């Protein structure tokens, strides 16, 4: 493994990208994920979780088993947006003007 | 972090607000700054957002103007701290009925009078700007100052700039108590005691608890927002779409509109996600076939009257507070004004509407 080794193939995250966030004090996979996009891609960390955890374990001197798993969210695998459509398709369109402001 | 225990300024909270203040303080040569956070940056609200830099339509108009001042600071911030993917895309707030158009006209009028660049777009104008938008649109309000930023890069660049300015960070270190002895703040943490002349509470959702250590009541609410992330798609949403969505520079579309009071429950729920999918497709019908990669949720911190809490805390000398919704939009302005207040005891733009004292006046 060298600096350019790709750890997360979905998001092209390299070993040196991970080192950079570990040096800021990251302690979990999700800390690393938010700073680098590692694990945010189509496989949702299935490919990179183990590699990253091994690295954290080594750097922080904590057993691999103590590294929490990444926060799982629905869907477990990719699904088309339309498959989430419910039954009542006639609902009026929601907008900020009709519903009050939700803008960040 | 080093072994130093005495600081001039301690900031509690390493999100976009706390880091923005640390950045502007250290950029103005303030020395001896410590930033403490109970977790790692981006683990709270700053890391779970669509990260719009949004101006038009905020109420009241004076607050919209305040956010415009912040949006205008982003290009300079990016020049100084590095690439944060700030994009002034322009913001489109669509409507689908004639009734809503009347509301929109009123809003455009009053915001224009307040100095916000905003206009009404016809259906044809919306579709010209956003060719893939739903043909059912009736019109939209539009402002060229709205946009978005990459919140992950924003925090990363803030932290790197702050470290280069000798700001000390202490992550994974929860504050367990605060008191004041001989004119100095004593901040008790999981990693020991720290003292400071000046203390800034910028802990987002957790600021209520921080305030309670000093008998300061911080009237804020928690409001959950749930978001759908699609697979990366070719660029086809060119603007930030008010109330609903945007496309990231690396391709995924973020969709989310929900506001729920669910305490600090950050789970995703199927009912809201289904509704979000429906609205996303109603806005951009071509999204129906796009794959969903993930959902996430974040908890907004919203002061009880909806506008920021900024400035000094009158009952405790040298105590400052900065807690607000729209932290991403406001980060550069809050950083600028709070650093002026802390170092020079004055601000270049008035923050009198945002003082925490407004809440105690109401109860009298």
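All of the numbers you see were taken from the coordinates with simple rules; none came from a lab. Computed from a prediction, not measured in an experiment: that's the story for all the values here. As a convention, Cβ positions derive from the backbone with ideal geometry for all residues, glycine included, and neighbour counts pool all protein chains shown.
Summary of computed values
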item	result
Tilt relative to chain B, helix B:16-27 - C-alpha long axis, 0 to 90 degrees, to 10	60 degrees
FRET efficiency, 1/(1 + (r/R0)^6) with R0 60 Å, evaluated for residue B:129 and residue B:180 via beta carbons	0.65
Estimated FRET transfer efficiency (residue A:1, residue B:190; beta-carbon r; R0 35 Å; 0.05)	0.55
Nearest 10 degrees, 0 to 90: helix B:151-164 Cα axis against chain B principal axis	30 degrees
Percent of C-alpha pairs per 10 Å bin, segment B:210-364, short to long	10, 31, 26, 20, 12, 1
Peptide B:280-289, shielding by other chains (average Cβ, 10 Å cutoff)	3
Principal axes of chain B: Cα extent on each, largest first, Å	67, 42, 39
Cα Rg over Rh - segment A:6-76, Kirkwood	0.93
Shielding of B:133-144 by partner chains, average beta-carbon count, 10 Å	1
Kirkwood Rh, angstrom, segment B:220-303 [1 / mean 1/r, Cα pairs]	13.2 Å
Helix-only CD estimate at 222 nm, as mean residue ellipticity for chain A, using -39500 (n - 2.57) per DSSP H run (n ≥ 4)	-8000 deg cm²/dmol
Neighbouring partner chain Cβ atoms per residue of A:65-73, average, 10 Å criterion	2
Segment B:75-135 - Rg over Rh from alpha carbon coordinates, Kirkwood radius	1.10
Mean residue ellipticity (222 nm) of chain B, computed from DSSP H runs ≥ 4 via -39,500 (n - 2.57), nearest 500	-9500 deg cm²/dmol
Cα coordinate range in the protein assembly as shown, projected on the principal axes (Å, largest first)	66, 59, 38
Angle in degrees between helix B:98-113 and the longest Cα principal axis of chain B, rounded to the nearest 10	50 degrees
Packing-based ranking, highest mean first, of B:220-230, B:258-268 given that Cβ atoms within 10 Å are counted	B:220-230, B:258-268
Normalised per residue, the volume of the convex hull around the Cα set of segment B:205-250 (Å³)	124 Å³
Over segment B:1-147, equivalent-ellipsoid semi-axes from the Cα gyration tensor in Å	39, 16, 14
Debye-sum result for segment B:170-292 in log10 I(q)/I(0), which assumes one identical scatterer on each alpha carbon, at q = 0.13, 0.14, 0.16, 0.17 Å⁻¹	-0.71, -0.75, -0.82, -0.86
